[in-house]
1. Grab the Cα-Cα distance for Ala55 and Arg28, subtract it from 0.36 nm times how many residues apart they are, and report the gain in nm with one decimal.
2. Would you mind checking the tilt of helix 148-165 against the longest principal axis of the Cα atoms of the chain, expressed as 0 to 90 degrees and rounded to 10?
3. Given a Förster distance of 25 angstrom, what is the FRET efficiency for Glu133 paired with Gln110, based on the Cβ-Cβ distance and rounded to 0.05?
4. Straight-line reach from Lys58: which lysines have Cα under 18 Å away, leaving out those fewer than 8 places along the same chain?
5. Could you please state, rounded to a whole Å, how far the C-alpha centre of the stretch 8-24 is from the C-alpha centre of the stretch 153-172?
6. What relative contact order, as a whole-number percentage, does the stretch 55-172 give when Cα pairs under 8 Å and 6 or more residues apart are counted?
7. Once you charge only the Cβ atoms, +1 for Lys and Arg and -1 for Asp and Glu, what is the size of the charge dipole of the chain about its Cα centre, to the nearest 20 debye?
8. Compute the acute angle (0 to 90°) between the alpha-carbon long axis of helix 27-43 and the principal axis of greatest extent of the alpha-carbon atoms of the chain; round to the nearest 10°.
Amino acid sequence: MNQRPSKEEYNEFQWTYVKLVPPEGEMRVMLREQTQAMLELFNGLTEEQGAYRYAPGKWSIKEMIGHLTDNDRIMSYRLLCFARGEQAPLPGYEQNDYVAAGSFDRFTLQEMITHYRIVRESTLALVDSLPEEVYTRKGSFGGVAMSVRAQLCVIIGHELHHLRILKERYLN
């Protein structure tokens, strides 16, 4: 899947993430390379770093990894539903509520990395299994219509967004 979604395949909010995805290159390869890079970064952290918050009330690195994991689960489910032609609208979700309910700081950093890796491997397997013709199919969530390829771009771009935050605010 090389072709990026057109503006009719997502809404303005998703543009925040879609615009972060490089315009050239195979998105499946990007997702795989992104996964390897994130795992290398996470595995280079200490348990102390995993508990770090750059400001009061902000997520710890373990909570960010938990958010990335939850988000991958939710977005890959949306991608699956859209690819299979589901027409029922799917719910949105509130990320802060999910992070709070996840109690991710109770896990070790290594456990959080394992959760992330397993979920991302599942996302990769799903994306690898999709035939080209499903990438333009659309579905909806929270009142937003979106194509399969736009959802894939959002998965990649969302993680790029958090990688930037991680580097600028946590590991600087």
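1. On the way: separation 27, 0.36 × 27 = 9.72 nm, distance 3.47 nm.
Difference between extended and current length: 6.2 nm.
2. Once rounded, the angle reads 20 degrees.
3. 0.05
4. Lys167
5. 15 Å
6. On the way: 102 pairs, mean separation 45.4, N = 118.
About 39 percent, as a whole number.
7. Values: 20 positive and 23 negative charges, 42 e Å.
Its charge dipole is roughly 200 debye.
8. Taking Cα atoms only, the helix is inclined about 10 degrees.
The values are calculated or read from the model by the stated rules, or taken from the named source; none is laboratory data. Quantities reported herein were computed from a predicted structural model and do not represent experimental measurements. So basically every Cβ, Gly included, is an ideal-geometry build from the backbone, and we count neighbours across all protein chains shown. Just the protein is used for accessible areas: all its heavy atoms, side chains included, with ligands, DNA and RNA removed. Shrake-Rupley method; radii C 1.70, N 1.55, O 1.52, S 1.80 Å.
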